[in-house]
Structures are given as structure tokens and as C-alpha cells.
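Structure first, then comments.
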Amino acid sequence: MPETRFNRLEQARLEKAEVLRGLGQGPYGLRFDPSHRHAELQRLHADLANGQERDEQVAVAGRVMTRRVMGKLAFFTLLDETGPIQLFIEKATLAAALPDQPEAFTQLTTLVDAGDWIGVSGSLRRTDRGELSVKVSAWQMLTKALQPLPDKWHGLADVEKRYRQRYLDLVVSPGTRETFRRRALLVSGIRRWLDERQFLEIETPVLNAEAGGADARPFTTHHNTLDLPLVLRIATELHLKRLVVGGFERVYELGRIFRNEGVSTRHNPEFTTVEIYQAYADYTDMMALTEELIAAVCQQVCGTTAIEYQGTAIDLTPPWRRATMHELVEQATGLDFNGFSSRGQAAAAMAAAGLEVPESADCVGRLLNEAFEQRVEDTLVQPTFVTDYPVEISPLARAHRSKPGLVERFELFIVGRETANAFSELIDPIDQRRRLEAQQERRAAGDLEAHGVDEDFLHALEVGMPPTGGLGIGIDRLAMLLTDSPSIRDVIAFPLLRPEAAPPVG
RNA sequence: GGGUCGCUAGCUCAGCGGUAGAGCACUCGGCUUUUAACCGAUUGGUCCUGAGUUCGAAUCUCAGGCGACCCA
């Protein structure tokens, strides 16, 4: 006996598809013109009273989510992108409307399963229980689904299945649909806000000979005909700065970047950032821009700037708290890093205060950052601009105008997560070369995340870049915040997972 | 990389050494105001994979796979 690849549930649906073929309409329709969607119907007929009908013909389409058949009357719930529409399906109504199809009611109630896409037309009726419904006088199959829907009450609870089969998650989880709707509003809102302020979005290459603009390991790939090793970008920074050199005073790019790093609730190997560069501005301007931009899109997406994230109230109403890294570390640990003149001195003080002192933190600035990460980061729940970073961990930021050893940089923290990073950009090509060469030495010493020296970028700086403020915002983390999502995988439609089946053993 | 937990019917889950179960879904019958419809009947299994212990393994042990969370 030949083994079928369909189980009995699928087989039953295939048999119904055959019946539909026999009826001349088949399991897959061509086109259909819906006159309304759920949201419009609800708005236009809000005044229809319970038990009343309105003789206006409408056509609606969607996926059948639930079926309740009782003899000669049936209720289906049809789901379109904007919401559910109840179908009021009466045998007598269909028989009167379709005198040449006496079996129309039976066909509709037996050949249509939950999960199928159908289109119907009819008039309007609000049921005695108050549900606005389409009283069906004609129907057609648009797509016969072969797979059954998950449990109509519990939905899809298996998180692995929700990520692997996101299409199913979207079908049965209104919350998932809302998350990705909000993410789309967030992205389009950012673009609109920037476009209205004369920022130009210019796309820069994903494939590069050298990874630059961030501390991260890249994905490597290869161009066949050029026989060229290439890496996927880890940031858009160095190309956008070249555009500023070229004379674009306000540029940005919102797009995907790739970092060959671990996967966690806050990290996905490919993620989305927007980087924004504004000539003649500095990091204080970028702070104001960050506040205004995020507050504006939050207002658009959530309808308020006072939101809740995982049970904690977060107020994104500007202005936001500003504090230097030194101040925050001193408040949290009692250690004044301005007073340390050597690594040894700082390390001893940290150890005495009970902080870990990793070998890799080889200078006072890196130790300061360690202390910050160990004791401060998690505590920055409300939006906080942390300013004035050590030069050693900021190779692309301009030296601070008044604080030796520091740079004009801020990072924005919200719910303990780095959400944005900005500088007064380093535009001095001599200083920039020195900084990148120091990075190169770290890389030679084994730091796989250290920057390389991008000679063409240095050449661009020699051509001359105006004083510029630059800003990068993590879109995924912002999306988590605005959708109250605990994991980055909840805001990425198709997060990276290992293939389900182990590869065949050779 | 380490720790904890999970993987059983299409879905949601129970069973934890002695015949593989429930609810929903499916199929059949009934039902003209339901919305987790209801009532009755039937059907449905690679208990993640492999090895071991045992008279006997979904259950215990070991190894592996995939995932979640926490830590690094």
C-alpha cells in the first residue's frame, strides 16, 4: 500500500477540493472584489440596532476562523486584516437568492472548513445578540486550506512553532498581528519624521571588503566572479559619513545589519538600525533629535508617550534624564574614576568595591565601562542619556571639547538596554587614523571585534567632512519597547533558528 | 560555553514502570440567533531520535536533536 504524504485531516480537505472541482468552481478562486473590510463595516453600521437588517449589498472576504452550524442556520466568523466579520448564513435566504443552486447552504456548510479563504456577498443584519453580520446570499471558495487551524481557544502556545511557522502564529494570534502592525508604523513613522525634516535616505552597501563602524564580528561571504572575499556590514556608519563628505548635509539609512554573534532575547544575528547624520550639529543636537523622534513615533504608534513595558511604567515624554558615565558610576559604586591615573589603581579600587576586573579591560577607560555595565546599566529603566565616554571604547567619536580622555558621545538606555548611540563625529583624519591603528593593534592581539583600518574612509576624511552629529537607533529594541515584547524574536517576523531536522548523516 | 525546564493525536494538555488518555478539531447524525454554540456517536499515535536497565519503558539511565528561560 503506497504511503500517502497527507494525514486523514488533509485527506478530508482534499476530498472537499475534489467536490468543489466537480461543482465547477474548484478549490482556488481567481479574483474577488471586497466592498468593505471589518473596520469599515463596523464604522458605517454602528447605528444598526439589534435584530435589525439593512438592505445594502456588501461583499467581504477573509479566512474562516470558526463555524457554528445548527440545522438550517449557521454562523461563520470571517477574519480579514482589520478584524472579524460574522456571517449569518440562513438556508432559506440562500435558497431564495440562488434558486438554481438548491444545495448552496449544504455546500457552504460542508465544503468550507476553518482555515479556508472565502468571499461572500449579502446584506447586513445585526443579530439579536448584537453582532453585526453579513447575511449571506452568495459565496465562493477563494482558497481551500489543506491544513487544519490550531486550537481555536488556546491558539498556538508552542513558542518554537510560533517562530518556525510565523504564518500560523499570525493567523491565530491577534497580538502577534498587532506587534508587526506597530513595528510597521514605527518604521514608517521614523522615515516620515526624518523625511519631513529634509533628511535623505541613501542606501549603502551591505557587501563590503572590510567591516567597520562598530565592534563586532562580521559574517563572511565570497563573490565568485571577482573571486573576492566579502563581509556583510556590521554598521552603516562609514558609508553614511562618506555621503556627508560628499555634501549631503542630512542623510540616514534605515536597514538591516548583520553581526556574527550569539542569539538571545536581546540579540538576533540580523537586526535593523537607523543611522542619522546631520552636518553642523553635535551630540547635544542629536540628543534633542533622539528625544523628539522617539517621543513622536511613540505617540503615533501607542497614542501616548507614557507607556508600560512588562509591567513597568516608562515615561518617554521629553526631556529625558542626562548624566555622565562618571557620575553614574560614582553614584552606584562610590568610585571616582576621574581620580585614577593608572589601570592598576582603578583595578584595585574596583576589586575593593567588589566589582569584577576582567583581564581584557586593559585601561582605565575600559574599567570605567566595566563598572558601568556591572552596576549601572540595569538600573537605567527610565530613558537616560549617558554621556561622555572614554576615548578607548569610542574610536569614531570626537574628543571632548573640555574633558581630556573623553569623547562627545552618548548612549540612550531604556529598561536597562542600550537603545541608541551617538557622537559628535570624529572628523580629524589624523586623529582618526591614530584611533583606528590602535584598534588594529587590538585586533592583531586577538580581539576579533576590533575595528580595522579603512583607508578609503580615512581618505574621505582628508577630503574634508564638516562638523557632524551622528546617531544610531536600534529599531528592534525600540519595537520591543513599543509593543511590550519581552524577546527580540517577538518583533522579528522570522527570527533565526536552527533547522528543525538534523542534516542527513553521510 | 554552563545551568534549569520542555518535546505525547492536527492544536492545547494529562499520564511518570504494567492495555496510550482528555478537551477542541476531523467524520457521521440532530438542531433557525450562535459567538470556546450545544447534544449523541465514531475516528485519529514515529509518546523528538538512538542506545541501555527491566519480564515489561511514554515513564528510569546515558548519548544526541530542537526550543525556552537564566547565567557567562
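The values are calculated or read from the model by the stated rules, or taken from the named source; none is laboratory data. From a predicted model like this one, the values you see are computed outputs, not experimental measurements. Cβ: placed from backbone, ideal geometry, glycine included. Neighbour counts: every protein chain shown. We work out accessible area using only protein heavy atoms, side chains counted, and drop any ligands, DNA or RNA first. Shrake-Rupley method; radii C 1.70, N 1.55, O 1.52, S 1.80 Å.
Mind checking which residues of the stretch A:292-321 are farther than 24 Å from A:ALA493 by Cβ, in contact (Cβ under 8 Å) with a residue 40 or more places away in the chain and surrounded by 15 or more Cβ atoms within 10 Å (Cβ to Cβ)?
A:ALA296, A:ILE314, A:LEU316, A:TRP320
Against the definition (in contact (Cβ under 8 Å) with a residue 60 or more places away in the chain, in a loop (DSSP other than H, G, I, E, B), within 16 Å of RNA strand B (Cβ to nearest atom) and under 27 Å from the mean Cα position of the chain (by Cα)), how does A:LEU481 come out, yes or no?
Details: in contact (Cβ under 8 Å) with a residue 60 or more places away in the chain: yes; in a loop (DSSP other than H, G, I, E, B): no; within 16 Å of RNA strand B (Cβ to nearest atom): yes; under 27 Å from the mean Cα position of the chain (by Cα): yes.
Taking the combined requirement at face value, the residue does not satisfy it.
Is it fair to say A:GLU160 is of a type in the set (Asp, Glu) and within 14 Å of RNA strand B (Cβ to nearest atom)? Please lay out each step first, then the result.
Numbers: of a type in the set (Asp, Glu): yes; within 14 Å of RNA strand B (Cβ to nearest atom): yes.
Yes.
For the stretch A:172-182, how many residues meet the condition of being under 14 Å from A:ARG63 (Cβ atoms) and open to solvent by less than 40 Å² (accessible area, probe 1.4 Å)? If you could, list the steps in order and put the result at the bottom.
Kept after step one, since they are under 14 Å from A:ARG63 (Cβ atoms), are these residues of the stretch A:172-182: A:172-174, A:177.
Filter again for open to solvent by less than 40 Å² (accessible area, probe 1.4 Å), leaving A:172-173.
Number satisfying all stated conditions: 2.
For the stretch A:55-108, which residues satisfy the criterion of being more than 14 Å from RNA strand B (Cβ to nearest atom), over 30 Å from A:THR176 (Cα atoms) and either touching a residue at least 24 places away in the same chain (Cβ under 8 Å) or open to solvent by less than 30 Å² (accessible area, probe 1.4 Å) (or both)?
A:ASP55, A:GLU56, A:GLN57, A:LEU98
Say whether the condition of being over 14 Å from A:LEU124 (Cβ atoms) and either within 13 Å of RNA strand B (Cβ to nearest atom) or among the hydroxyl-bearing types (Ser, Thr, Tyr) (or both) is met by at least one residue in the stretch A:26-33.
We begin by selecting, within the stretch A:26-33, every residue over 14 Å from A:LEU124 (Cβ atoms); these are A:26-33.
Checking the rest, the ones that are also either within 13 Å of RNA strand B (Cβ to nearest atom) or among the hydroxyl-bearing types (Ser, Thr, Tyr) (or both) come to A:28.
Within the stretch A:26-33 (the criterion being over 14 Å from A:LEU124 (Cβ atoms) and either within 13 Å of RNA strand B (Cβ to nearest atom) or among the hydroxyl-bearing types (Ser, Thr, Tyr) (or both)), the answer is yes, since at least one residue qualifies.
Being among the aromatic types (Phe, Trp, Tyr), crowded, with 17+ Cβ neighbours inside 10 Å and in contact (Cβ under 8 Å) with a residue 40 or more places away in the chain: is that true of A:TYR252 here?
Values: among the aromatic types (Phe, Trp, Tyr): yes; crowded, with 17+ Cβ neighbours inside 10 Å: yes; in contact (Cβ under 8 Å) with a residue 40 or more places away in the chain: yes.
Yes: the conditions hold for A:TYR252.
So which residues in the stretch A:236-285 are within 16 Å of RNA strand B (Cβ to nearest atom) and of a type outside the set (D, E, K, R), if there are any at all?
Of the stretch A:236-285, the ones within 16 Å of RNA strand B (Cβ to nearest atom) are A:259-271.
Residues satisfying the conditions are A:ASN260, A:GLY262, A:VAL263, A:SER264, A:THR265, A:HIS267, A:ASN268, A:PRO269, A:PHE271.
In the stretch A:369-386, is there at least one residue being in contact with a Pro (Cβ under 8 Å, 6 or more places away or on another chain) and part of a helix (DSSP H, G or I)?
Step one: filter the stretch A:369-386 for residues in contact with a Pro (Cβ under 8 Å, 6 or more places away or on another chain), giving A:369-370.
From what's left, part of a helix (DSSP H, G or I): A:369-370.
So far as the stretch A:369-386 goes, yes, one or more of its residues are in contact with a Pro (Cβ under 8 Å, 6 or more places away or on another chain) and part of a helix (DSSP H, G or I).
Looking for whichever is of a type in the set (A, V, I, L, M, F, W, C), touching a helix residue (DSSP H, G or I) at 6+ places or on another chain (Cβ under 6 Å), in contact (Cβ under 8 Å) with a residue 60 or more places away in the chain and open to solvent by less than 40 Å² (accessible area, probe 1.4 Å) here; the options are A:PHE372, A:PHE337, A:PHE385. Which one fits?
Residue meeting the stated conditions: A:PHE385.
For the stretch A:469-486, which positions are within 20 Å of A:GLU160 (Cα to Cα) and open to solvent by less than 10 Å² (accessible area, probe 1.4 Å)?
Answer for the stretch A:469-486, where residues must be within 20 Å of A:GLU160 (Cα to Cα) and open to solvent by less than 10 Å² (accessible area, probe 1.4 Å): A:ASP476, A:MET480, A:SER485.
Taking the condition of being open to solvent by 50 Å² or more (accessible area, probe 1.4 Å) and under 20 Å from A:SER394 (Cβ atoms), how many residues in the stretch A:195-241 meet it?
At the first step, the residues of the stretch A:195-241 found to be open to solvent by 50 Å² or more (accessible area, probe 1.4 Å) are A:195-198, A:200-201, A:203, A:205-207, A:209-210, A:215, A:217, A:219-229, A:239.
Still in the running and under 20 Å from A:SER394 (Cβ atoms): A:210, A:215, A:217, A:239.
Residues flagged as open to solvent by 50 Å² or more (accessible area, probe 1.4 Å) and under 20 Å from A:SER394 (Cβ atoms) within the stretch A:195-241 amount to 4.
Residue check, A:TRP117 against (1) open to solvent by less than 60 Å² (accessible area, probe 1.4 Å); (2) within 27 Å of A:ALA39 (Cβ to Cβ); (3) not charged (D, E, K, R), all met but one. Which one?
Single failed check for A:TRP117: (1).
What number of residues in the stretch A:36-84 are of a type in the set (Gly, Ala, Ser), farther than 16 Å from A:VAL112 by Cα and in contact with a helix residue (DSSP H, G or I) (Cβ under 7 Å, 6 or more places away or on another chain)? Even if it seems obvious, please write down each step before you answer.
Keep residues of the stretch A:36-84 that are of a type in the set (Gly, Ala, Ser), which gives A:39, A:46, A:49, A:51, A:59, A:61-62, A:71, A:74, A:83.
From what is left, the residues that are farther than 16 Å from A:VAL112 by Cα are A:39, A:46, A:49, A:51, A:59, A:83.
Still in the running and in contact with a helix residue (DSSP H, G or I) (Cβ under 7 Å, 6 or more places away or on another chain): A:83.
Counting residues in the stretch A:36-84 that are of a type in the set (Gly, Ala, Ser), farther than 16 Å from A:VAL112 by Cα and in contact with a helix residue (DSSP H, G or I) (Cβ under 7 Å, 6 or more places away or on another chain) gives 1.
One residue is enough: does the stretch A:1-14 have a residue meeting the conditions under 21 Å from A:GLU103 (Cα atoms), within 14 Å of RNA strand B (Cβ to nearest atom) and in contact with a Gly (Cβ under 7 Å, 6 or more places away or on another chain)?
To start, the set of residues in the stretch A:1-14 that are under 21 Å from A:GLU103 (Cα atoms) comprises A:12-14.
If we keep only those that are within 14 Å of RNA strand B (Cβ to nearest atom) too, we end up with A:12-14.
Those left that are additionally in contact with a Gly (Cβ under 7 Å, 6 or more places away or on another chain): none.
Scanning the stretch A:1-14, I find no residue that is under 21 Å from A:GLU103 (Cα atoms), within 14 Å of RNA strand B (Cβ to nearest atom) and in contact with a Gly (Cβ under 7 Å, 6 or more places away or on another chain), so the answer is no.
In the stretch A:110-145, which residues are farther than 26 Å from A:LEU44 by Cα, out of contact with any Leu (no Cβ under 6 Å at 6 or more places or on another chain) and near RNA strand B (Cβ under 8 Å from one of its atoms)?
A:THR110, A:ASP113
Kindly evaluate A:ASP428 against the criterion of being touching a Leu at 6+ places or on another chain (Cβ under 8 Å) and open to solvent by 60 Å² or more (accessible area, probe 1.4 Å). I'd like the intermediate steps shown before the answer.
Details: touching a Leu at 6+ places or on another chain (Cβ under 8 Å): yes; open to solvent by 60 Å² or more (accessible area, probe 1.4 Å): yes.
Spelling it out, A:ASP428 is indeed touching a Leu at 6+ places or on another chain (Cβ under 8 Å) and open to solvent by 60 Å² or more (accessible area, probe 1.4 Å).
Does the stretch A:356-364 contain at least one residue that is among the small types (Gly, Ala, Ser), in a helix (DSSP H, G or I) and at pLDDT below 95? Steps first, please.
As a first pass, look at the stretch A:356-364 and keep what is among the small types (Gly, Ala, Ser): A:360-361.
Okay, now just the ones that are also in a helix (DSSP H, G or I), so none.
The answer is no, given that none of the residues of the stretch A:356-364 is among the small types (Gly, Ala, Ser), in a helix (DSSP H, G or I) and at pLDDT below 95.
From A:ARG489, A:ARG442, which residue is within 16 Å of RNA strand B (Cβ to nearest atom), in a helix (DSSP H, G or I) and surrounded by 12 or more Cβ atoms within 10 Å (Cβ to Cβ)?
Exactly one residue qualifies, and that residue is A:ARG489.
Does the stretch A:194-213 hold any residues that are on the phi > 0 side of the Ramachandran plot and either outside any loop (DSSP other than H, G, I, E, B) or at pLDDT below 95 (or both), and which are they? Outline the logic, then answer.
Of the stretch A:194-213, the ones on the phi > 0 side of the Ramachandran plot are A:198, A:213.
The answer is A:GLY213, and nothing else.
Do you know which residues across the stretch A:156-171 are more than 17 Å from the chain's Cα centre (by Cα), surrounded by 17 or more Cβ atoms within 10 Å (Cβ to Cβ) and without any contact (Cβ under 8 Å) to a residue 24 or more places away in the chain?
Those that are more than 17 Å from the chain's Cα centre (by Cα), surrounded by 17 or more Cβ atoms within 10 Å (Cβ to Cβ) and without any contact (Cβ under 8 Å) to a residue 24 or more places away in the chain: A:LEU156, A:LEU168.
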